[in-house]
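Single-structure report; data block below.
The values are calculated or read from the model by the stated rules, or taken from the named source; none is laboratory data. The structure presented is a predicted model; accordingly, all values stated were derived computationally and were not measured. Cβ placement follows ideal geometry from the backbone for every residue including glycine, while neighbour counts extend to all protein chains displayed. Ligands, DNA and RNA are excluded from the accessible area calculation, which covers all protein heavy atoms including side chains. Shrake-Rupley method; radii C 1.70, N 1.55, O 1.52, S 1.80 Å.
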Amino acid sequence: MHKGIYKIAAAVFTVFITVSMLSACKMPTAGSASGGKKILLSMTDTDDTFRQLLTDAMISDASSEGVTLDVSYCGSSLEQQTSDISNAAANGYSAVIVRLVDASTALQMEVAAGDLPVIFVNNQPEDDYLMENKYVFVGSDEEEAGKLQAEWVLKKLGNPSKMNGIIMMGEKGHSGTTGRTTAVKQTIRDNGCDLNLVFIDYANWSDTYAASAMELFFKTGQSFDAIFCNNDTMALGVVEALKKEGIDPSKIPVCGVDATADGCSSIENGEMAFTAFQNADGQALSAIRAAQVISKGGKISSVEGGSEDGKYVWVPFEAVDASNVSQYK
C-alpha cells in the first residue's frame with residue numbers, strides 16, 4: 001500500500017515538473033468534431049512499418065466512426081509525450097490513445113491525462129497499471145506470436161530433441177520484444193526440445209541492424225537451425241544477410257511477426273518461412289471504439305474482443321506461411 005502511494009506521488013511530481021518545463025509545447029490543432037468525440041493519439045513515430053499501418057488505420061477508422069482524431073508525434077521524448085497528454089483535457093479531448101515511449105511510464109501518463117480515459121496501444125503496460133473501463137490496453141497477446149513461431153518451426157523440423165536457435169529481438173523494454181521472445185523459448189522447451197541459443201540480440205525492429213548482427217554472428221562459425229525475429233522487418237534483414245553469405249534462406253526457417261506486405265512477398269518468394277499476422281486494422285478500429293465507449297461511461301466488454309475485467313481488448317494473431325500467404329497480401 002505504501003509502495004503504491006509513493007509511486008503515485010512520484011508520478012504526480014514528475015508530471016508537474018515536466019509540464020512546467022514544457023509549457024511552451026503546443027498540442028496539435030484539432031479539427032471540428034461536428035458533434036462527435038474528439039480523441040488525441042500520442043504516437044512515438046512511424047519509422048516502423050506496423051506503427052505506420054496502425055496510425056493510418058486509426059485515422060481512417062476515426063473518420064468512418066464520425067470521430068475527430070488528432071495525432072501528436074513525440075518521437076522518443078518522454079517529456080513531449082507527457083506534455084501532450086497533460087494538455088489534452090484542456091483542449092477538449094474526450095479520450096487519449098497512447099503508444100507509450102516506455103511501457104514503464106504508464107502511471108505517469110495516466111496522471112498526466114487527469115480524468116480522461118487512456119487507451120494504450122502497441123506497447124503494453126503491466127496489468128497493475130490498467131483499470132477497469134478507464135485505463136485499457138488494445139492489442140494482440142504478444143506471447144501468442146512467439147508461440148505460433150515456435151510451434152511452426154518445431155513441426156517444420158520434425159519435432160527435434162535439440163535445436164540451435166537465433167533470436168533477433170526488437171526494442172529493449174517493449175512488451176512485444178519481451179512477450180514474443182519469452183514465448184519462443186518457453187514453447188520450444190515445453191515441447192521437449194533442448195533450445196541452444198547460439199545468438200540473441202536486440203536489432204530494434206530494423207532490417208539494417210538485423211543484417212549487421214547476422215554478419216557478426218557468421219564470424220563465429222556456429223551452426224544454426226532456425227531464426228526467430230520479433231518482426232518482419234528484422235526477418236527481411238536476416239534473409240538478405242543469409243543470401244549475402246551464400247546461404248539459401250529457404251533451407252533455414254526464418255520467422256517474423258506482422259505479415260507486412262514485404263514479409264508476405266518474401267514468403268511467396270520462398271525466402272521467409274513464416275510470420276504471425278498482427279491485425280493493424282483490427283487493433284485500430286478496436287482502439288477507436290474503446291475510446292468512444294469509455295468516454296461515454298460504457299464497458300469495454302461491449303467491444304468485440306473486450307475482456308470481462310474491463311482492462312483489455314484482444315485482437316488475435318494469425319499464423320501465415322506459404323499455404324495461406326495469398327490471403328494476407
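Looking across the stretch 149-162, the residues that are open to solvent by 80 Å² or more (accessible area, probe 1.4 Å), free of Cβ contacts under 8 Å to residues at least 60 places away in the same chain and of a type outside the set (Gly, Ala, Ser) come down to Lys155, Asn159, Lys162. Just wondering, is there one or more residues in the stretch 141-155 that are farther than 18 Å from Trp205 by Cα and in contact with a Pro (Cβ under 6 Å, 6 or more places away or on another chain)? Yes: one or more hits.
Give the stretch 114-170 a look and list any residue that's aromatic (Phe, Trp, Tyr) and within 26 Å of Ala273 (Cα to Cα), or say none. So that I can check it myself, show each step before the final result.
As a first pass, look at the stretch 114-170 and keep what is aromatic (Phe, Trp, Tyr): 120, 129, 135, 137, 152.
Matches in the stretch 114-170: Trp152 only.
Could you please let me know if Ser250 is on the phi < 0 side of the Ramachandran plot, open to solvent by 10 Å² or more (accessible area, probe 1.4 Å), in a helix (DSSP H, G or I) and out of contact with any Pro (no Cβ under 6 Å at 6 or more places or on another chain)? Yes.
Return a yes/no flag: does the stretch 280-297 have any residue that is in a strand (DSSP E or B), of a type in the set (A, V, I, L, M) and open to solvent by less than 50 Å² (accessible area, probe 1.4 Å). Checking the stretch 280-297: not a single residue is in a strand (DSSP E or B), of a type in the set (A, V, I, L, M) and open to solvent by less than 50 Å² (accessible area, probe 1.4 Å).
Scan the stretch 106-129 and tell me whether some residue there is more than 24 Å from Asn231 (Cα to Cα) and β-branched (Val, Ile, Thr). There is at least one residue in the stretch 106-129 that is more than 24 Å from Asn231 (Cα to Cα) and β-branched (Val, Ile, Thr). Return yes or no: is Gly256 under 22 Å from Glu215 (Cβ atoms), without any contact (Cβ under 8 Å) to a residue 40 or more places away in the chain and in a loop (DSSP other than H, G, I, E, B)? For Gly256, the condition - under 22 Å from Glu215 (Cβ atoms), without any contact (Cβ under 8 Å) to a residue 40 or more places away in the chain and in a loop (DSSP other than H, G, I, E, B) - is not met.
Could you pull out the residue among Glu215, Glu151, Glu171 that is under 30 Å from Val96 (Cβ atoms), in contact with a helix residue (DSSP H, G or I) (Cβ under 9 Å, 6 or more places away or on another chain) and of a type in the set (Asp, Glu)? Steps first, please.
Working: Glu215 fails: under 30 Å from Val96 (Cβ atoms); Glu151 fails: under 30 Å from Val96 (Cβ atoms).
From the options Glu215, Glu151, Glu171, the qualifying one is Glu171.
A single entry from Gly139, Gly176, Gly146, Gly165 fulfils the requirement of being open to solvent by less than 10 Å² (accessible area, probe 1.4 Å) and in contact with a Ser or Thr (Cβ under 7 Å, 6 or more places away or on another chain): Gly146.
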